[in-house]
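Comments concern the structure below.
Quick note: the coordinates plus some simple rules give every number you see, no bench work behind them. Just so it is clear, the model here is predicted, and its values are computed rather than measured. When we count neighbours, we look across all protein chains shown, and the Cβ atoms used for this are built from the backbone with ideal geometry, even at glycine.
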Amino acid sequence: MLHSRLELAQQVVQAAIEHGVKHVVISPGSRNAPLIIEWNAYSEIEKYSIVDERSAAFFALGKALQTGEAVALVCTSGSALLNYYPALAEAYYSDIPLLVLSADRPKRLIDIGDGQTIRQENVFQNHVWFNANLIEEDTIENIALLQEAFRIFKQKKAPIHINIPFSEPLYETTEHLISAVSIWQAPNASNRLLEEEPLEVDALQKFADIWNQSDRKMVLVGVSRPDEMLQIQLSHLAQDPSVVILTESTSNVSHERFINHIDRLIFPLTDSDFESLKPDIVLSIGGQVISKKIKSLLRKNKPKHHWHVDRNWALDTYHGMTQHFGISPQLFFSQFFFLTHPKASSYQSTLLEMDGQRTTRHDVFLKQAEFSDLKVYESIQKHLPEGRNVVFSNSASIRYAQFFDWSKAPFMACNRGTSGIDGSTSTAIGFAHSAVQPTLLVSGELSFFYDSNALWNAYIPNDFRIVVVNNGGGGIFRFIPGPTTTNTLDFFETPHQLTARHLCAMHQLEYTSVQNEKELAGIWSEFYKASSQPKLLEIFTPREINAVVLKGYFNAMK
Ligand SMILES: Cc1ncc(C[n+]2csc(CCOP(=O)(O)OP(=O)(O)O)c2C)c(N)n1
């Protein structure tokens, strides 16, 4: 196998591989030639080539999200690196392990008029857990930096940046490893729970006592990857009548005693309705919560105790957090269950009953509702084949999803770390490429057009499906309060006449479109049939009616 002649390239790649990196997404360039050559020396590593760095980084993010494993990114110097930023910010706030390896010029060539050169050191300072700025000629310092970088990468399971300066010549190869002996005390693959320090039992007892005395406990599950242990633990918790478990479309846990479509239940609640339902304790786990309503209700009606459980983040989402447990929810529950017991209460049954009433109203409303975005999301959910993952774009898409039950899908995802519309399709394709089960992307058309370079890669599985809900603009701006009260709605909604048809022709996707309810009802079995190309279904919905129907829905749910 041919290695790069540059020792630094060899060291970085060796360190990454020994720390368990198995996938690398490479964007082309010259300064990064030593890294490309070096990664290529390892046949066991999966390598992907994607030109557009913004898309490459979101593709990597989708892969890392789906597999739970680290994915490396390799790019050249200059603005190439800056194009990783949107995906890195998303990965940072969503705890997704991306390893950025950027090639750079040595320091003496920065800011002197050399080409394709910017100040790359610490460029992601605010959104990575560690910056390793390697030095061309200082092997000892580089080894120390790399060891620290990978220690943090393993601990945080979230993005870090390694910037690597190379002098020319860049393309020279050798058959030999310069340092053949491994210097990276790589960790053994081990059980996640054992990787963490448990909490002090005495300290936890104090919280267990509060828990055991409380009649109303609300467990809020934010964005989470599917996890068997968490599912079992939460199902166990749901047997306690004093506990209500609220989940969202991206929580990836479900149970008949969970409230699985949070916004359907709480959207119609006023502050005074909520007053009588207010929990004593909110226990939040997982990443960000999508529901704006739950945020506003809990901010106005602060519970006495808000405990957040997360390894990396002490999210004080409701402006009144009283305790952060810096461990995984799985480890937290495995300790907490020894100290807690169920409590007689009508809290869970009251809320479940209310949820049942909402479900009846939801069904009645949807039966007679006009063709619109809401009806389209109902149809997407209803016809989703069992066992198909769904990735949603931002923003109306994921918000509509919140009204429906998606427990048929093994994995539901959406980029909620920063809620951008800039990488949903690339994320979905990276996700689909690693998933055993097939994947559906559901996207608004602006998000889809924004990330159209996502289709410019060779890794789109034939069973990948895209539904673009084309409501002629950013539909979200017609129903959030604000834009329609101004005379500048067009600057928010950005109405247009574009369609996805020509993009599909260019990238060889099978294209179909529908315009009304009847056409939509007839399309699904054909859409999901096996094919030799991925397929895209574009659903045109009436821009001005969508928000009216949604308002009617909220009124009907009251
Ligand atoms: C990178 C980025 N730019 C701008 C926004 C603000 N934004 C949120 S939703 C949205 C419109 C999305 O429209 P579309 O994808 O058509 O979905 P719809 O809301 O119509 O379902 C915009 C511009 C954002 N979230 N991310």
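Report Rg(Cα)/(2.2 N^0.38 Å) for the stretch 431-558, keeping two decimals.
1.18
By the scheme Lys and Arg +1, Asp and Glu -1, what is the net charge of all other residues having a beta-carbon under 15 Å from that of His176?
That sum, taken over residues with Cβ under 15 Å, equals -3.
Kirkwood Rh over alpha-carbon pairs of the stretch 1-55, then Stokes-Einstein at 25 °C and 0.890 mPa s: what D in µm² s⁻¹, rounded to an integer?
Diffusion coefficient, whole number: 213 µm²/s.
For Asn470, which sequence-distant residues (separation of 5 or more, or a different chain) have an amide H within less than 5 Å of its own amide H, given hydrogens modelled in the peptide plane?
The answer is Ile539, Phe540, Thr541.
Need one number for the chain: average projected area of the convex hull over its C-alpha atoms, nm².
Mean projected area for the chain: 27.1 nm², to one decimal.
In cubic angstrom, how much convex hull volume per residue do the alpha carbon atoms of the stretch 123-178 span?
112
When only DSSP loop residues count, what GluC sites (Glu not before Pro) in the stretch 225-324 have their Cβ near at most 15 other Cβ atoms within 10 Å?
Those that pass, being in a loop and sparsely packed, are Glu256.
Could you line up Arg299, Arg358 from fewest to most neighbouring Cβ atoms inside 10 Å?
Ascending Cβ contact count within 10 Å gives the list Arg299, Arg358.
Which whole-number percent of Cα pairs in the stretch 265-418 have a distance greater than 18 Å?
69
What is the dipole size for the chain, taken about its Cα centre, with +1 at each Lys and Arg Cβ and -1 at each Asp and Glu Cβ, in debye to the nearest 20?
1560
Going by a ≥ b ≥ c, the root eigenvalues of the Cα gyration tensor, does the stretch 10-156 fall in the rounded group (a/c under 1.5), the prolate group (a/b larger than b/c) or the oblate group?
Rounded, because the longest to shortest axis ratio a/c is under 1.5.
Taking a ≥ b ≥ c as the square roots of the Cα gyration tensor eigenvalues, with a/c under 1.5 meaning rounded and otherwise prolate when a/b beats b/c, else oblate, which class fits the stretch 340-387?
Verdict is oblate for the stretch 340-387.
What residues qualify as long-range amide H neighbours of Asp104, i.e. H under 5 Å apart, gap of 5 or more or another chain, H built at 1.01 Å from N?
Close amide H contacts, sequence-distant or interchain: Ile164, Phe166.
Can you work out the FRET efficiency for the pair Ser276 and Ser30, with r the C-beta to C-beta distance and R0 = 51 Å, to the nearest 0.05?
0.15
Which whole-Hz couplings ³J(HN,Hα) result when phi for each residue of the stretch 336-347 is put into the Karplus expression 6.51 cos²θ - 1.76 cosθ + 1.60, θ = phi - 60°, listed in order with x for Gly and Pro?
3J(HN,Hα) across the stretch 336-347, in whole Hz: 5, 4, 5, 10, 10, 8, x, 10, 4, 5, 9, 4.
Scan around Cys414 for amide H atoms under 5 Å from its own, H built in the peptide plane at 1.01 Å from N, and keep only partners 5 or more places away or cross-chain.
Phe392
Going by a ≥ b ≥ c, the root eigenvalues of the Cα gyration tensor, does the stretch 40-123 fall in the rounded group (a/c under 1.5), the prolate group (a/b larger than b/c) or the oblate group?
Since a/c reaches 1.5 and a/b is larger than b/c, the shape of the stretch 40-123 is classed as prolate.
Under 11 Å from the Cβ of Glu517, count the other residues' Cβ atoms, weight Lys and Arg +1, Asp and Glu -1, and hand me the total.
Around Glu517, the surrounding residues sum to -1.
So what's the net charge close to Lys343: Lys and Arg +1, Asp and Glu -1, counting the other residues with Cβ under 14 Å from its Cβ?
Taking every other residue near Lys343 into account, the sum is -2.
For the stretch 454-504, I need the span (max minus min coordinate) of the C-alpha atoms along each principal axis, in Å, sorted largest to smallest.
44, 19, 15
About the Cα centre of the stretch 430-526, what is the dipole size in debye to 20, counting +1 per Lys and Arg Cβ and -1 per Asp and Glu Cβ, all else neutral?
60
So for the pair Leu177, Lys408, with labels modelled 7 Å out along Cα→Cβ, what separation do we get in nm?
The two pseudo-label positions are separated by 4.9 nm.
Please list the equivalent ellipsoid semi-axes of the stretch 298-376, computed as the square roots of five times the alpha-carbon gyration tensor eigenvalues, in descending order and whole angstrom.
They are 35, 19, 14 Å, listed largest first.
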